[in-house]
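The values are calculated or read from the model by the stated rules, or taken from the named source; none is laboratory data. Not measured: the values here are computed from a predicted model. As a convention, Cβ positions derive from the backbone with ideal geometry for all residues, glycine included, and neighbour counts pool all protein chains shown. Accessible surface areas use protein heavy atoms only, side chains included; no ligands, DNA or RNA. Shrake-Rupley method; radii C 1.70, N 1.55, O 1.52, S 1.80 Å.
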Amino acid sequence: MTEADAILILCALLGGEPEQRVPYDLHAISSHVRVDCITDTHAIEVGLDQTRGAYDSVHQATFNAIEAGLEPMVVLVDTDGIESQYEYQIETVSRHHGVAYHVFDENYLIRWQMTQPFRLRAARP
């Protein structure tokens with residue numbers, strides 16, 4: 001599973017919109033950030049465990065949330081069932097700074113995506 005795959009699945013699971021642009025201005029420069037997932041309440045940054053790039057998750061979630069006027073959240077996808085040093089550090093920093101932190105198992109996300117059509121069919125009258 002790639003991070004892009006995880007973003008689409010998690011955003012659907014959490015009831016958000018994936019890959020949303022949030023503009024901001026800095027002096028005479030207009031720019032934007034791309035938020036992995038935006039819900040009614042949170043700007044969510046998604047990361048895969050076992051990657052150093054996941055260290056950026058807390059920063060990105062916090063900055064994105066400030067710009068979007070939402071609360072920050074970090075979601076890591078656990079690909080191996082083991083809490084790595086990356087996961088431990090990201091969770092510790094997130095909790096210390098009041099950033100919501102969640103871990104989803106990769107296999108759970110795959111099963112959730114595979115069974116979504118059945119849930120949709122069961123919800124119809």
Checklist entry - How much accessible area per residue does the chain have, in Å², with a 1.4 Å probe? => result 60 Å²
Checklist entry - For the chain, with only Lys/Arg (+1) and Asp/Glu (-1) charged at the beta-carbon, what is the dipole magnitude about the Cα centre, in debye rounded to 20? => result 500 debye
Checklist entry - For the peptides 37-49, 62-74, what is the packing order when you average, over each peptide's residues, the other Cβ atoms within 10 Å and list the highest mean first? => result 37-49, 62-74
Checklist entry - Got a number for carbon plus sulfur as a percent of the chain's accessible area, 1.4 Å probe? => result 54 percent
Checklist entry - Using a ≥ b ≥ c from the Cα gyration tensor of the chain (square roots of the eigenvalues), is it rounded, prolate or oblate, where a/c under 1.5 gives rounded and otherwise the larger of a/b and b/c decides, a/b for prolate? => result oblate
